[in-house]
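Structure first, commentary second.
The values are calculated or read from the model by the stated rules, or taken from the named source; none is laboratory data. All values derive from a computational prediction rather than experimental measurement. Heads up, the Cβs are rebuilt from the backbone with ideal geometry, glycines too, and the neighbour counts pull from every protein chain shown. Protein only, heavy atoms only, side chains kept; ligands, DNA and RNA dropped before computing areas. Shrake-Rupley method; radii C 1.70, N 1.55, O 1.52, S 1.80 Å.
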Amino acid sequence: QKEVEQNSGPLSVPEGAIASLNCTYSDRGSQSFFWYRQYSGKSPELIMFIYSNGDKEDGRFTAQLNKASQYVSLLIRDSQPSDSATYLCAVNMGSQGNLIFGKGTKLSVKP
Amino acid sequence: ETGVTQTPRHLVMGMTNKKSLKCEQHLGHNAMYWYKQSAKKPLELMFVYNFKEQTENNSVPSRFSPECPNSSHLFLHLHTLQPEDSALYLCASSQETGDGYQPQHFGDGTRLSIL
């Protein structure tokens with residue numbers, strides 16, 4: 001059974017702090033990893049993707065991948081109330097484009 | 001505004017009705033997907049089309065019938081649905097399915113309620 005695990009939260013952080021969102025996956029052969037943000041009542045929006053071990057930075061967002069530990073994370077620096085949303089981790093576990101999604105972590109940034 | 005448009009945004013139907021969900025993408029992509037999102041569950045992949053050919057049917061009941069007339073349009077035909085089919089149905093597209101590195105872009109979804 002191919003699975004992606006996320007802590008459902010809610011994760012509450014104060015405005016300006018670093019939010020750390022974590023994800024583990026079951027298939028060691030997975031090649032590509034995606035983070036989506038989903039506001040309540042809206043569709044998932046792609047915010048980051050990462051393919052190689054290490055860190056990838058884009059503005060306030062940093063994705064971190066450790067394939068040996070089967071672990072991917074998303075850091076949000078200088079968190080803003082507008083970052084409050086559910087963050088979905090998605091992993092491609094095969095040669096096709098089919099993504100396996102986690103249940104998502106709900107983030108709440110308090111002013 | 002996203003490059004993937006879904007209609008209708010909301011749909012209420014009885015168990016004996018027949019309706020269709022429509023998805024159109026304006027991104028020049030060749031792969032399109034249907035997902036189901038229920039409360040407290042991860043997104044569930046239902047169907048995948050690559051260059052108009054169905055490449056994945058994730059054990060979806062036959063009361064859901066997809067149609068992909070071209071790379072830009074995807075339909076989900078619904079008939080004799082059950083109350084547990086009430087959910088948010090999301091359409092997504094990507095460049096193609098081949099190498100697994102292509103990110104998927106989602107539409108705003110259709111919120112379906114079965115009476």
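If the condition is being open to solvent by 40 Å² or more (accessible area, probe 1.4 Å) and farther than 23 Å from B:Q82 by Cα, then the range B:42-59 contributes B:F51, B:K52, B:E53, B:Q54, B:T55.
Here is a yes/no grid of residues against (1) within 22 Å of B:K40 (Cα to Cα); (2) of a type in the set (V, I, T):
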site	(1), (2)
A:Q1	yes, no
A:P10	yes, no
A:S26	yes, no
A:Y36	yes, no
A:I47	yes, yes
A:G59	no, no
A:A68	no, no
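Residues in the range A:95-110 that are within 14 Å of chain B (Cβ to nearest Cβ) and buried (at least 16 other Cβ atoms within 10 Å of the Cβ): A:Q96, A:G97, A:N98, A:L99, A:I100, A:F101, A:G102, A:K103, A:G104, A:T105, A:K106. Please indicate, with yes or no, whether at least one residue in the range B:20-41 is in a loop (DSSP other than H, G, I, E, B), over 18 Å from B:Q104 (Cβ atoms), aliphatic (A, V, I, L, M) and open to solvent by 20 Å² or more (accessible area, probe 1.4 Å). For the range B:20-41, residues in a loop (DSSP other than H, G, I, E, B), over 18 Å from B:Q104 (Cβ atoms), aliphatic (A, V, I, L, M) and open to solvent by 20 Å² or more (accessible area, probe 1.4 Å): present. When each of A:E15, A:E3 is tested for being within 29 Å of B:M32 (Cα to Cα) and among the charged types (D, E, K, R), the lone residue that passes is A:E3. Of all residues being more than 10 Å from every other protein chain (Cβ to nearest Cβ) and small (G, A, S) in the range A:4-17, which is surrounded by the fewest Cβ atoms within 10 Å (Cβ to Cβ)? Just the residue, please. Per the criteria, the residue is A:G16. Does the range B:41-52 include one or more residues that are away from chain A (no Cβ under 11 Å) and more than 15 Å from the chain's Cα centre (by Cα)? The answer is yes; a qualifying residue exists. The number of residues in the range A:66-83 being free of Cβ contacts under 8 Å to residues at least 60 places away in the same chain and buried (at least 20 other Cβ atoms within 10 Å of the Cβ) comes to 3. Considering only residues that are without any contact (Cβ under 8 Å) to a residue 12 or more places away in the chain and away from chain B (no Cβ under 14 Å), look in the range A:18-63 and name the one that is least open to solvent (accessible area, probe 1.4 Å). Among them, the one singled out is A:G54.
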